[in-house]
Amino acid sequence: MALPDVSLRRPVATAMLYVGIAVLGVVSFLRLPIDLLPDVSFPTLSVWTTYTDAAPGEVERWVTEPIEQSLYSIPGARDITSRSREGQSLVQLQFAWGTDMEFATLHTRERLDNLVETLPQGSERPIILRSDPTSDPIMTLAVSGSDLRTLRDLSEAVFKRRLEQLDGVSLAGIAGGPERELRVVVDPDRVAVHDVSLDDVAAALDLANYNAPGGTIQRGRFEYSLRTLGQFTDVDQLLDVVIHRPADPATGAPVFLRDVAAVKDTIADLETIARFNGEAAIGLQVFKEAGTNTVRVADRVGETIDQLRTEFPGVTIETASSQARFIRNAISNVVSALLFGGVLAFLV
């Protein structure tokens, strides 16, 4: 029996079949994960190492070359390239398409862990970076107002935490704006008079600015953890740090930081500058979790931004860029094309 005959003899069953297919399509469309780029794992790994204040030749000899030699025999590695700059080393590994990058990253980390002890003193621990198109921020927010220093503190203490609490948001990064810095300016003449060195000053500050565990105590059935608070909370505490103590207190007095240096509460050198519509601002970059719907995460971020605007009326929060806009436009074009095609097919 031909299919058209069955459709004509059982119109209700045929209509219900097409209605079921339509409902299934609508439900699948609503639950479909939406992202700007496909989930593609590029077969590339980058090893980034910093060696502060080292010349390119020293970086190449003491950092780049040992890392290259340790990574030559990684399974699946097809090509290794490197670049050495002042204080920076970058080694890139190219693998074949289809390589399991999770295992490749694991092998690379194992080789680097064995190499850490042989790297020169002053170099940082190598960082492995993966090329992932989905690791880009889905939204960039611009926070502007009258006092950028206060806005940066507010962004770190409130805005960043509120955004990271949202379902689907993995990280909120801050860029631009002045950052507070306590700068210790040592007087060479005073250091020479009190017979101390710069190493003594640095070691004393490191030991003083430290929180340490203090054991536990028991009260009945409960056990409480203790810790000693030693981190600085204001500038005067830095000035009271003891740099040197005499072997015999009767023959001399201790040397404090205020005796050999001055502490300036200033702003750190700007490494990044954020501007929105030509004005200085604080940048907030929102990153989503893997496998989540970009549009829905952007909607949650938008609702939170509206709440923050209400709570902080003196602060301006604008959306500088959003992947959700492009995705919505693309989906709208697809839906329009489907509806137009369906109407034409029905008319024909």
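What nm value, rounded to one decimal, do you get for the distance between LEU239 and TYR72 when each label is placed 7 Å out toward the C-beta?
About 5.9 nm, to one decimal.
So if each residue of separation counts as 0.36 nm, and I subtract the Cα-Cα distance between ILE128 and ARG309, what length gain in nm does that give?
In short, 61.4 nm is gained.
How tilted is helix 323-347 with respect to the longest principal axis of the chain? Cα atoms for both, answer in degrees (0 to 90, nearest 10).
It works out to around 0 degrees.
Helix 101-115: angle to the longest alpha-carbon principal axis of the chain, degrees 0 to 90, nearest 10?
10 degrees
How do LEU93, LEU17, LEU8 stack up against each other in accessible area, from largest to smallest, with a 1.4 angstrom probe?
Numbers: LEU93 0, LEU17 105, LEU8 140 Å².
Correct descending sequence by accessible area is LEU8, LEU17, LEU93.
Would you mind calculating the gained length between ALA247 and ILE273 on full extension (0.36 nm times residue separation, minus the Cα-Cα distance), in nm to one decimal?
4.4 nm
May I ask for the Rg/Rh ratio of the chain, computed from Cα atoms with Rh as the Kirkwood radius, given to two decimals?
Using only Cα positions, Rg/Rh for the chain is 1.13.
Label GLN121 and THR52 with points 7 Å out from Cα along Cα→Cβ: what is the distance between them in nm?
1.5 nm
Just to confirm the number: angle between the C-alpha axis of helix 198-208 and the first principal axis of the chain, 0 to 90 degrees, nearest 10?
60 degrees
Cut-off 13 Å, label point 7 angstrom out along Cα-to-Cβ of VAL343: give me the residues of the range 3-31 whose amide nitrogen falls inside.
Zone members listed by number: none at all.
Provide the per residue accessible area, probe 1.4 Å, for the range 201-339, rounded to a whole number of square angstrom.
Per-residue value: 67 Å².
Per residue of the chain, what 222 nm ellipticity follows from adding -39500 (n - 2.57) for every DSSP H run with n ≥ 4, rounded to the nearest 500?
It lands at -11500 deg cm²/dmol.
Extending each Cα 7 Å along its Cβ direction at SER28 and ARG109, get the distance between those two points in nm, one decimal.
Computed distance between label sites SER28 and ARG109 equals 3.7 nm.
Can you give the accessible area of TYR224 in Å² (nearest 10), computed on protein heavy atoms with a 1.4 Å probe?
The accessible area of TYR224 comes to roughly 110 Å².
The values are calculated or read from the model by the stated rules, or taken from the named source; none is laboratory data. What you see is a predicted model; the values in this text were computed from it and never measured. Please note: Cβ atoms are built from the backbone with ideal geometry, for glycine as well, and neighbour counts cover all protein chains shown. The area values use the complete protein model at the heavy-atom level, side chains included, leaving out ligands, DNA and RNA. Shrake-Rupley method; radii C 1.70, N 1.55, O 1.52, S 1.80 Å.
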